[in-house]
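What follows is one structure encoded as structure tokens, with my remarks underneath.
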Amino acid sequence: MKKIIILLVFIFLSTGCYDYVELNNLAIIPGIAIDKIDDEYQVVFEILNTVNKEENPNEEKVYFVKGQASTISEAFLNASYEIPKSAYTAHVDTIVIDEEIATNNLKDIIDFLIRDIDVRNQFYLVISPYSPAEDIIKTTSTTNPVASTSIKDLIEQVSKKRNIVSELNFEKFLAHILGEHKDGYLTTISKDEDTLKIGPIAIFSDYKMQTILSNVNAANFNILNNSSYENTYKIKCPDNAEKNIVLATSIPAATETKIENQNVTFNINMEVKVVENHCNINFRNTKDLETIENILASKVQEEMNLLISELIKYNSDILEIAHQYYKQYRQHIDFRKLNYQTQVKVLINRNGLIFEVKE
Amino acid sequence: MTTKRQNFAVFYFLSRALFLGIGFSLILNITKQDSIIAFILGTLIGCFFIYLVNKINYYKKDLSLTEVLNQMKLPGLIIRIILLIYGIILFTNGIVFFQLFASSFLLSQSPLWFISLPIIVLVLLVSKKGITIAFRVAECLFPISFILTLLSLISLLPYNNFDNFLPLFVSKPWQLVCSTFYYAALSSAPGILMLISKKSHHNLKSYLLGSFTLITKIILILGIIGPTLAVVYRFPEYVILKEIKLLDFIEKIENIVGISWIIDNFVFIAVTSLFIKELLPTKIKESLHPLIIILIFIVSITIIGREYAYEVIMYYTIPIVLLIVMVTTVPLLFIHTYQKQKKLKKTTN
């Protein structure tokens, strides 16, 4: 009898039943939008609708609640008061913030999110520079009924195709922004009618967003960061400036960063294939190929120099040069004071299935 | 009588228990990526103390710790009081950090008494049954804890980025020395609790196994989240478990894998409770022991576990207390038992 009583006591005490919440009573939040409006934070929760689809086929897959307050935690609380269920943020995929927050209030957001027990830091933090974050999270369509999941999928897919986005999740972004010798970068998102458009990258200096890189700069940053998958280049024909040849990387470009004293050299190796040819080039002639390779190398070199100038201008060390310098020389340095050089080696290794099309 | 396997299991748990909420966080805060070096050096120092504890157990033969301390008269009484306070501090620490961990990640809505009451009831039951039951429970829990630890270590390996360890030797020499001794204290000082075992067994392999899991864990913490975040997080050893993704689709299993920390803590608390019981005056120990345990439980849920300031004090003072107790009591006990053994040998010759 004594053993049964002890067993019963343990059944009640050690099964965590005090914290038990019925699944139907959970408001699962996959996405959050945070805007700064009139000096107050406005938080919008995107909540999965768990209503039975067979009974209500026309019901939307998600619904939204809003909360506003002078502090981020109060705004979160006010939004959760709007839900008749328990707000569950462990499944957050995406958090969208507006430009104002990215520029002036990122520290507050980071401090709040990193303290939160439920939020897992594997979500994507994205910036909406051209429209309120609320509009982004509310952009749904029949093909993309849940905006936050669409954004996550877009980041993971587009990063492999267009190279203009950052694959950093919140935790990795934190490591950059809190790290001593590096700066962070985040993907931006915009809205074109009912379509979400991802990219390019916004760069930070400390906690402040500085600017948004152009698509070309974002793609080149990914090359220097060794996180590039596929790049396409349109260059003018050597014999006719009105016509072009299009080349694409056949394998991801590889960059080696060398730091020697005050000089930083980026050695970029690119293997490209011809995907479109409107020039009068004989692909049986190696000299013609070399000419194209040299033109592309100069073009990439020029673009890389422009990117580095922009990073220096905005004091954004997203390439972690100061960190690498510290690793090598154990000295703190302002990355802007170093000399930069880019060396590009291009190799055309494929020209498609044909040599040339007869004029 | 405890078996070799049981001693192995208990020692494994003891070497790891104080790293939940204290060890990793504190050492990472001092030496960042150099913590790996501190862990390795600390293991070497820890081995020395484990060797001394083993030797004390070997020399005292079938005598209990109380009997050995009684032989030492006044110094024995002083050591007994020091060890009793030490046991109470460790028990309080175990309960408080178990509450903190469980209420932070597993049972955020439950009141503190509800979280720690099952542990207290279990510990009282185990203490009543004696050392054999406690060690047998540890032996049964060992494979579960070890498999969960291995699972977490193996599944986290692919996320490791070795670039995060560099540059090494960024901390000052005194910081490295401090971290090394903190590691040695936190991993080997709970070994003093093994003096309650009457049977002598060599626990060095068990300590090395525990240290191996801890060193692997610190490598993974630094490799996955990097030194910057490792310092920021309160429980970095738990946070990295959130990364686990088995076969690319089994994820969010940190609460299951994290149970190994709960098991470590439970065995630690149970053995500490037996240690306190062993050191209490023989005549009143049966009645006084439950009272002390219940008193610690009440204090931990009403004062120490509730007020953050006390937690911070414990966080910083525990390694120092461990170091002091380790350095003062273990050598004295070793010298006494060694001399006794020598005398015994002379008389038998």
What aspartates and glutamates could a cross-link reach from A:K66, if we take a straight Cα to Cα line under 15 Å and drop same-chain neighbours fewer than 8 places away? A:D35, A:E40, A:E46, A:E74, A:E82, A:E134, A:D135
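Please state the charge dipole magnitude for the range A:20-212, taken about the Cα centre, from unit charges on C-beta atoms (+1 on K and R, -1 on D and E), reported in debye and rounded to the nearest 20.
That gives the range A:20-212 a dipole magnitude of about 640 debye.
Counting partner chain Cβ atoms within 10 Å of every residue's Cβ in A:68-78, what's the average? Intermediate results must be reported in sequence, preceding the final value.
Numbers: counts 0, 0, 0, 0, 0, 0, 0, 0, 0, 0, 0.
Neighbouring Cβ atoms belonging to other protein chains average 0 per residue here.
How much of the DSSP beta bridge set in chain A is antiparallel, as a percent to the nearest 5?
Rounded to the nearest five, the antiparallel share is 65 percent.
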Using per-residue counts of other Cβ atoms within 10 Å, averaged over each peptide, order A:306-313, A:121-128 from highest down. A:121-128, A:306-313
Let me make sure I get this right: for the range B:1-131, a, b and c are the square roots of the gyration tensor eigenvalues over alpha carbons, sorted descending. Under 1.5 in a/c it's rounded, otherwise prolate if a/b > b/c, else oblate. Which is it? oblate
For the range A:115-242, the Cα-Cα pair-distance distribution in 10 Å bins from 0, as whole percents, is 12, 38, 33, 12, 4, 1, 0
GNM top mover of A:A322, A:A79, A:A175 - chain A, alpha-carbon springs below 10 Å: A:A175
Amide H neighbours of A:K243 under 5 Å, counting only residues 5+ apart in sequence or on other chains, H built in-plane at 1.01 Å? A:C237
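Hey, got the dipole for the protein assembly as shown? About the Cα centre, +1 on K and R Cβ, -1 on D and E Cβ, debye to the nearest 20? Spell out each step's value before the answer.
Details: 66 positive and 66 negative charges, 1119 e Å.
With only Lys, Arg, Asp and Glu charged at Cβ, the dipole is about 5380 debye.
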Everything considered on the Cα gyration tensor (a ≥ b ≥ c; rounded for a/c under 1.5, else prolate if a/b is larger than b/c, else oblate), the range B:169-220 must be described as oblate
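To one decimal place, what Kirkwood hydrodynamic radius in Å is obtained for chain B from all pairs of distinct Cα atoms? Intermediate values should be presented prior to the final figure.
Numbers: mean 1/r = 0.0485 Å⁻¹.
When all Cα pairs of chain B are included, the Kirkwood radius is 20.6 Å.
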Could you list log10 I(q)/I(0) for the range A:198-314 at q = 0.15, 0.24 Å⁻¹, which the Debye formula gives when each Cα is one point scatterer? -0.76, -1.42
Computed from the mean reciprocal separation of all distinct C-alpha pairs, what Kirkwood hydrodynamic radius does the range A:20-212 have, in Å? 16.9
Relative to 2.2 N^0.38 Å, what does the C-alpha radius of gyration of the range A:165-211 come to as a ratio? Two decimals please. 1.27
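For chain A, what does -39500 (n - 2.57) per DSSP helix run (n ≥ 4), summed and divided by total residues, give at 222 nm, in deg cm²/dmol to the nearest 500? Please report the intermediate quantities before stating the final value.
On the way: 9 runs with 108 residues, N = 359.
After summing the helix terms and dividing by residue count, I get -9500 deg cm²/dmol.
If you roll a 1.4 angstrom probe over the protein chains with everything in place, what fraction of the accessible area of the protein assembly as shown belongs to carbon and sulfur, to the nearest %? Each step should come with its number before you reach the end.
Working: 18910 of 32740 Å².
Exposed carbon and sulfur together represent 58 percent of the surface.
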Shielding by partners - mean other protein chain Cβ count within 10 Å, residues of B:224-231: 4
Relative contact order (percent) for the range A:226-359, with alpha-carbon contacts under 8 angstrom and 6 or more residues of separation? 30
Could you list, by residue number, the cysteines of the protein assembly as shown that have no other cysteine's beta carbon within less than 4.7 Å of their beta carbon? A:C17, B:C47, B:C140, B:C178
In the protein assembly as shown, if the dipole is taken from +1 on Lys/Arg beta carbons and -1 on Asp/Glu beta carbons about the Cα centre, which of A:N231, B:T329, B:V121 is farthest to the positive end? B:T329
Taking beta carbons within 10 Å but only from partner chains, what does the mean come to for residues B:158-164? 1
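Tell me, what is a quarter of the convex hull surface for the C-alpha atoms of chain A, in nm² with one decimal? All intermediate terms of the calculation are to be shown ahead of the outcome.
Working: hull surface 111.0 nm².
Result: a mean projected hull area of 27.8 nm².
Report, in debye and to the nearest 20, how large the dipole of chain A comes out about its Cα centre when Lys and Arg carry +1 and Asp and Glu carry -1 on their Cβ.
In debye, rounded to 20, chain A gives about 1300.
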Fraction of alpha-carbon pairs in the protein assembly as shown farther than 52 Å apart, rounded to whole percent, equals 25
Cα axis of helix B:259-279 to longest principal axis of chain B: angle in degrees, 0 to 90, nearest 10? 20
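Sequence gap of 8 or more, or different chains, plus Cα separation below 21 Å: how many lysine pairs satisfy both in the range B:138-266? Before the final figure, lay out each step's value.
On the way: B:K205/B:K217; B:K217/B:K242; B:K217/B:K245; B:K217/B:K252; B:K242/B:K252.
Summing the qualifying lysine pairs gives 5.
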Report the net charge of residues surrounding B:L214, where surrounding means a beta-carbon distance below 12 angstrom and charges are Lys +1, Arg +1, Asp -1, Glu -1. 0
Listed residues A:F64, A:L196, A:T249: farthest to the positive end of the dipole of chain A (Cβ charges): A:T249
Any idea what angle helix B:173-188 forms with the longest principal axis of chain B, computed on alpha-carbon atoms, 0 to 90 degrees, nearest 10? 60
Name the residue from A:I95, A:N267, A:I5 whose Cα lies farthest towards the positive end of the charge dipole of chain A, charges +1 on Cβ of Lys and Arg and -1 on Cβ of Asp and Glu. A:N267
If the cut-off is a Cα-Cα distance under 21 Å, which lysines reach A:K236, setting aside same-chain residues fewer than 8 apart in sequence? A:K273, A:K287, A:K299, A:K345, A:K358
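The values are calculated or read from the model by the stated rules, or taken from the named source; none is laboratory data. Values in this document were obtained by computation on a predicted structure and should not be read as measured data. Backbone-built Cβ (ideal geometry, glycine too); neighbour counts: all protein chains shown. SASA here: full protein model, heavy atoms, side chains in, ligands and nucleic acids out. Shrake-Rupley method; radii C 1.70, N 1.55, O 1.52, S 1.80 Å.
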